[in-house]
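First up is the structure itself, then whatever we jot down about it.
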Amino acid sequence: MRRERRNLNVDKIRIAMPHRGAGVAPIFAALEGGYYREQGLEPELVPHHGHSNSLKALIAGEADFTNAVGVELLLANIRHQGDAVILASAIARSAQQVAARPGIESREDLRGKRWGVTARNDADECAIIMAFDRWGWKIDNDAEIVVVGNDGARLDLLLDPRHVDAAIMHAPETFQAPKRGYHIVEDFGQLDVSFQNSCAASTRRFMKSNPDIGLRYVRAFCRAVHRFRSDAQFGIHVLRKYSGETDIDVLRPTWVLFARYMSDMMYPSLEGVRNASAILHRVGALPRPVAPEDAVDLNPVITLEREGFFESLMGAKHAHPQTAA
């Protein structure tokens, strides 16, 4: 259904917000940089508690777009018979860190410990399994998975040494955990594993009915990712304004971490979706692996590339080789 259009060719859109962390920075950067407005879009940010709820709202038609991660999108489609699809990618690799309580100093110290997750088969547990695969460990033998739930602040639950020895951190949590006595012992980013992380998502039915709005949304998303990753002052300002974090000693390294994982070519990661699907099938969360093409719509980014959007965005459009003096 076509969104309500007001004033001079402005389309109203609804964006389901799973949280206010750095993972949804592309939405905030697009808002702060005026990129939605530039594309004739007027967004309404609708808060939800976690990716599972924001994706449920998306699939139900209560929102037009959201920021998601591949694992949660695949799960939501199964749970709600949905047609959610990834449109563009901000981060297409594993980018989490492992925080551990005092006394755990190395990877080997993590073996057999209690790993906290908020829910079974979520993105964090999938990341743990992928890391264990690379380390030659077995999730059933080398870890005790402890579900801490969502009834409380995430860090309060995950960094409770009475119940949890180690947990997955998403920046800015990576730099907040040491202030609570935990410390970072592993960086999954160093594994260089394809894993569809922060990404723009919609549904196939919305994109079929509103292809122009979808293309403009992806254009705004890509401009925002590029600006966020290439402009430190802007990126840190966005994190401070929208995340609620005010400590500059947390904000600066959070921006550096996200900027180094972001890419200027925002193609969804088919390999990252394939990896997520394989793990979810392995743990019984999916009845069968999902073909990456079933959860991805490449058309918007392909269209932008054909238009020369990325050539212009990255400054190559008017570049000329220097000639020797």
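Some values worked out for this structure:
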{"quantity": "Residue in segment 132-174 that is farthest from Val98 (Cα to Cα), counting only those that are in contact (Cβ under 8 Å) with a residue 60 or more places away in the chain and under 18 Å from the mean Cα position of the chain (by Cα)", "calculated": "Pro172"}
{"quantity": "Per-region count, segment 62-92, residues under 21 Å from Met265 (Cα atoms), out of contact with any Leu (no Cβ under 7 Å at 6 or more places or on another chain) and hydrophobic (A, V, I, L, M, F, W, C)", "calculated": "8"}
{"quantity": "Single residue of Arg120, Arg111, Arg134 found to be in the same structural domain as Asp156 (by TED's automatic domain parsing) and touching a Phe, Trp or Tyr at 6+ places or on another chain (Cβ under 8 Å)", "calculated": "Arg111"}
{"quantity": "Segment 254-279: number of residues that are surrounded by fewer than 19 Cβ atoms within 10 Å (Cβ to Cβ) and either out of contact with any helix residue (DSSP H, G or I) (no Cβ under 7 Å at 6 or more places or on another chain) or in a loop (DSSP other than H, G, I, E, B) (or both)", "calculated": "8"}
{"quantity": "Yes/no for Leu239 being in contact (Cβ under 8 Å) with a residue 12 or more places away in the chain, over 26 Å from Glu293 (Cβ atoms) and assigned by TED's automatic domain parsing to the domain that holds Thr66", "calculated": "yes"}
{"quantity": "Single residue of Asp212, Asp294 found to be closer than 23 Å to Tyr36 by Cβ, surrounded by fewer than 24 Cβ atoms within 10 Å (Cβ to Cβ) and free of Cβ contacts under 8 Å to residues at least 24 places away in the same chain", "calculated": "Asp212"}
{"quantity": "Criterion: outside any helix (DSSP H, G or I), in the same structural domain as Arg282 (by TED's automatic domain parsing), at pLDDT 90 or above and within 28 Å of Asn53 (Cβ to Cβ) - qualifying residue of Ile86, Ile168, Ile145", "calculated": "Ile86"}
{"quantity": "Members of segment 213-253 that are β-branched (Val, Ile, Thr) and within 14 Å of the chain's Cα centre (by Cα)", "calculated": "Val225"}
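The values are calculated or read from the model by the stated rules, or taken from the named source; none is laboratory data. Just so we're clear, the structure is a prediction, and the values are computed from it rather than from any experiment. Backbone-built Cβ (ideal geometry, glycine too); neighbour counts: all protein chains shown.
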